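Colleague: Take this structure first; my questions come after.
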Amino acid sequence: MWLVLASSDRAKAWTEWDTYRVALLRCGSLFSAVRIPGYLVYTAAGAEEPEAVRRFLAEILDGGPIFYDVGGQQYYALTPASAARSWRLTVAECLDSDAFLGVPATDLTEFDPRYPAYWVVPMDGPGTLCAPDDVALLVLMGHQSAVKKAEADR
């Protein structure tokens, strides 16, 4: 798996994936990651049911890889490393070379209560990443929907 190249200790990353099903990888060289609060994804998708969210994300991100951190209730869309330099949306953070990210094993594609994260839309192949504009559209859709919902609830 090419993602292991983001680790300074590749053997350790493989061991982490085998043992814990999550490996700590450095952002900023092979990829960056946009951390998206779950509520933004759900409001953009108009659903919280996992299969509906999966279909929505696969479509809006054109099959780009995204995983879900169950404990943190955050989605992580993997983007090119260069995305961090131009990311300007404050409601979702783009992690760059200062950040390490717990990335699930690539075969962990369904929720399993034993593990902290899983791929909602798995990687299609080596180097496959989300287009930053697609991720920005997702974030903006979620934010606009959340604002409208908050206004309607007043």
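Colleague: Residue by residue through region 97-135, note down the ones that are part of a helix (DSSP H, G or I) and buried (at least 20 other Cβ atoms within 10 Å of the Cβ).
Modeller: The answer is P132, V135.
Colleague: Does at least one position in region 54-76 carry a residue that is acidic (D, E) and over 22 Å from M1 (Cβ atoms)?
Modeller: yes
Colleague: Are there any pairs with C-beta distances below 6 angstrom linking a residue in region 121-136 that is modelled with pLDDT under 90 to a residue that is not in a loop (DSSP other than H, G, I, E, B), with the two at least 6 apart or on different chains, and if so which?
Modeller: Pairs found: P126/W2.
Colleague: For region 66-95, how many residues meet the condition of being in a loop (DSSP other than H, G, I, E, B) and either of a type in the set (S, T, N, Q) or touching a Lys or Arg at 6+ places or on another chain (Cβ under 8 Å) (or both)?
Modeller: So the count comes out to 4.
Colleague: Within region 137-145, does at least one residue satisfy the condition of being surrounded by 12 or more Cβ atoms within 10 Å (Cβ to Cβ) and part of a loop (DSSP other than H, G, I, E, B)?
Modeller: So far as region 137-145 goes, no, none of its residues is surrounded by 12 or more Cβ atoms within 10 Å (Cβ to Cβ) and part of a loop (DSSP other than H, G, I, E, B).
Colleague: Another one. Quick one: how many residues across region 42-65 are in contact with a helix residue (DSSP H, G or I) (Cβ under 9 Å, 6 or more places away or on another chain) and part of a loop (DSSP other than H, G, I, E, B)?
Modeller: Adding up the residues that qualify gives 6.
Colleague: Name the single residue, out of those in region 84-96 being modelled with pLDDT of 95 or more and among the hydrophobic types (A, V, I, L, M, F, W, C), that is surrounded by the fewest Cβ atoms within 10 Å (Cβ to Cβ).
Modeller: V91
Colleague: Another question, if that's okay. Does region 35-44 contain any residue that is small (G, A, S), crowded, with 17+ Cβ neighbours inside 10 Å and at positive phi?
Modeller: no
The values are calculated or read from the model by the stated rules, or taken from the named source; none is laboratory data. Note that this is a predicted model, so its numbers are computed, not measured. Quick reminder, even Gly has a Cβ in these numbers, built from the backbone with ideal geometry, and neighbours come from all protein chains shown.
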